[in-house]
Amino acid sequence: MSLEIRRDLSICVRAPMRTSDREIQAFLKEKENWIGRHLAEMKMRAAAQKQIPKLTNAELRNLADRACRILPQKVAAYAAKMGVTYGRITIRNQKTRWGSCSAKGNLNFNCLLMLMPEDVVDYVVVHELCHRIEMNHSAAFWAQVGRIIPDYRSRKAWLKEHGAEIMARME
């Protein structure tokens, strides 16, 4: 069984189909302290994010313009290094994703990447281009990422630690 605390602070329990309500309740009771700690932490984080200044439309346009200049160059350079092709590149101001790669090879990037350190931006670009080789997050996928960016774990950790704060500037 597993637990997920969602953005709206609801709790989702994933369990095998034949798990009884009694087993689920016992699991929740066992995880009560963990749930309490994480709910409190998420509430504090949500309160802190409300204090973060929101980006204006003009600032978002400037970020998108910058992303339109910078990201295609990065994509072209890394794609050549990796020996992969790609389709269209689209820059958006998304609330939940930093980037994506479609089955047709089209790439989408969040303009908020321009608020991040360059090495983290490079990680996101390489991550999406690696989907041109592996359309999943398997061990083979991460091996491809690691081949291009050996320290990708620290960049991924930076994104996990600071990403929500950056996303909160757009909401």
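The numbers here are math on the coordinates, done by the rules we state, and not lab data. Quantities reported herein were computed from a predicted structural model and do not represent experimental measurements. Positions of Cβ are generated from backbone atoms using ideal geometry, with glycine treated the same way; all protein chains shown enter the neighbour counts.
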Along principal axes, Cα extents of region 2-50, largest first, whole Å: 41, 19, 11
Restricting region 58-124 to trypsin sites (Lys or Arg not before Pro) in coil, as DSSP defines it, with at most 16 other Cβ within 10 Å: R88, K95, R97, K104
Computed label-point distance, nm, for sites T90 and R45 using a 7 Å Cα→Cβ extension: 2.8 nm
Angle between the chain longest axis and helix 118-130 axis [Cα atoms, degrees, rounded to 10]: 90 degrees
Reachable lysines from K81, criterion Cα separation under 22 angstrom, eight or more residues apart if same chain: K104, K156
Estimated FRET transfer efficiency when R0 is 41 angstrom, pair K54-R18 (beta carbons, to 0.05): 0.30
Rounded to 10°, Cα long-axis angle of helix 139-148 versus longest principal axis of the chain: 40 degrees
Protection-proxy order for peptides 115-128, 152-165, 29-42, each taking the mean of Cβ atoms within 10 Å per residue, highest first: 115-128, 152-165, 29-42
Of K29/K160; K54/K74; K43/K160; K50/K74, those spanning more than 25 Å from alpha-carbon to alpha-carbon: K29/K160; K54/K74; K50/K74
Semi-axes of the equivalent ellipsoid for the chain, Cα gyration tensor, largest first, Å: 34, 23, 13
Packing rank of 16-24, 137-145, where each peptide gets the mean count of other beta carbons within 10 Å, highest leading: 137-145, 16-24
Relative contact order %, the chain, counting alpha carbon pairs below 8 Å whose residues are six or more apart: 19 percent
Cα-based helix-to-principal-axis angle, 21-30 vs the chain, degrees rounded to 10: 80 degrees
